[in-house]
1. Looking at the stretch 396-406 only, could you name the residues that are surrounded by fewer than 17 Cβ atoms within 10 Å (Cβ to Cβ) and either touching a residue at least 12 places away in the same chain (Cβ under 8 Å) or part of a helix (DSSP H, G or I) (or both)?
2. Run down 282, 231 and say which single residue is surrounded by 20 or more Cβ atoms within 10 Å (Cβ to Cβ), more than 14 Å from the chain's Cα centre (by Cα) and in a helix (DSSP H, G or I).
3. Inside the stretch 238-251, can you point out the residues that are within 26 Å of the chain's Cα centre (by Cα) and part of a helix (DSSP H, G or I)?
4. Return the pairs, sorted by first residue and then second, in which the second residue is in a loop (DSSP other than H, G, I, E, B) and at pLDDT below 95, the first residue lies in the stretch 123-146 and is closer than 12 Å to residue 174 by Cα, the beta carbons are less than 9 Å apart, and the residues are 6+ apart or on different chains.
5. Which condition from (1) under 21 Å from residue 290 (Cα atoms); (2) touching a helix residue (DSSP H, G or I) at 6+ places or on another chain (Cβ under 8 Å) is the one that residue 111 breaks?
6. Please list, ordered by first then second residue, the pairs with beta carbon atoms under 6 Å, 6 or more apart or interchain, first in the stretch 306-333 and on the phi > 0 side of the Ramachandran plot, second crowded, with 21+ Cβ neighbours inside 10 Å and modelled with pLDDT under 95.
7. Condition check: at pLDDT 95 or above and surrounded by fewer than 15 Cβ atoms within 10 Å (Cβ to Cβ). Does residue 236 satisfy that?
8. If you check residue 26 against the conditions, is it outside the structural domain of residue 358 (by TED's automatic domain parsing) and either in contact with a helix residue (DSSP H, G or I) (Cβ under 9 Å, 6 or more places away or on another chain) or not in a loop (DSSP other than H, G, I, E, B) (or both)?
């Protein structure tokens, strides 16, 4: 079945007899147990029309067609072009250390941050007060690492264990938010403050019942309503906490608000949401959709950025999504890519010449079908001729775990 039979349609174009291929809402909860189904019932049509979904994908081979709707290929080609244009006019911020130099420090910081947030969240669950002083020192270390080489620590944040997802997610949001704020030109003190806000953004989840928080499958509608209460519960907790700043409150209170007013808890719209709230929404969803969970496989970073870009037509601040893409690169560290030369490698850091020319760790020759001794090449270096990134690859297609190679200390 060709991709061309998958089309993107507006929610207003839906009719009974269409086959839903993808609800296109990986950023939110929805009341459907499956993402693919034949739309047969009036009640399901009504439920979709009342949901926050604006556009979704149908399979026109398995159900009714919409003749003038764009195909999935057309949508993706358009997004690819627009993201490429963003990349061409962007410069990556220079790193002060190499990935190899930063790696062991970043690993230690990541372990320490995970330990701090796990301990603190356990205390909050027991009814103890949040202690900002416990989080500040490790966030200062996260900030220093991001200032030296942002890609290294960000790449480690993708490694999550299923049962500690909530805690690891807090560390990741803090790290990504610091990197994003750095790209936006904020001062170091603000970076640390934003990082603390990121670490604490989900404290309300410690007041959500365990069976809902750690449920391995989809939440029912009533369960999802309880889960949504974590924002209000978190704000209650933080407002009773000494040394909490307005910036931290914005991050915790607004990371589920949406640019089109479909978010929660207050259905704020556009610039009614603070800039940090809008930035947190982007970071929170990016980390969630790139993480492996018990019930869903995380997207590759480059694909996740394309989905964020697509969703920014409605749900996220389009300008900030573009700036986030510039902040972490269109090929974030850890992305598996294929070059013109048919060699396959992992992006280990952004290059100095721009987002299209990262440093890639070559590991496989697809033409000769053989492994290579890992070697790092800088695509901005003229000595590598005309070798450019051709496209992203799925690690599972090659039986490759990028982290096995990302954490190698091979030097350049």
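The values are calculated or read from the model by the stated rules, or taken from the named source; none is laboratory data. Please read these numbers as outputs of a predicted model, since none were measured by experiment. Backbone-built Cβ (ideal geometry, glycine too); neighbour counts: all protein chains shown.
1. Kept after step one, since they are surrounded by fewer than 17 Cβ atoms within 10 Å (Cβ to Cβ), are these residues of the stretch 396-406: 396-399, 401, 403-404.
Across the stretch 396-406, the qualifying residues are 396, 397, 398, 403, 404.
2. Values: 282 fails: more than 14 Å from the chain's Cα centre (by Cα).
Matching residue, one of 282, 231: 231.
3. Residues satisfying the conditions are 238, 246, 247, 248, 249, 250, 251.
4. Within 9 Å, the pairs are 136/243.
5. (2)
6. As it stands, the answer is 329/350; 329/355, since those pairs meet every condition given.
7. On the way: at pLDDT 95 or above: yes; surrounded by fewer than 15 Cβ atoms within 10 Å (Cβ to Cβ): yes.
Spelling it out, residue 236 is indeed at pLDDT 95 or above and surrounded by fewer than 15 Cβ atoms within 10 Å (Cβ to Cβ).
8. Details: outside the structural domain of residue 358 (by TED's automatic domain parsing): yes; either in contact with a helix residue (DSSP H, G or I) (Cβ under 9 Å, 6 or more places away or on another chain) or not in a loop (DSSP other than H, G, I, E, B) (or both): yes.
Answer is yes for this residue.
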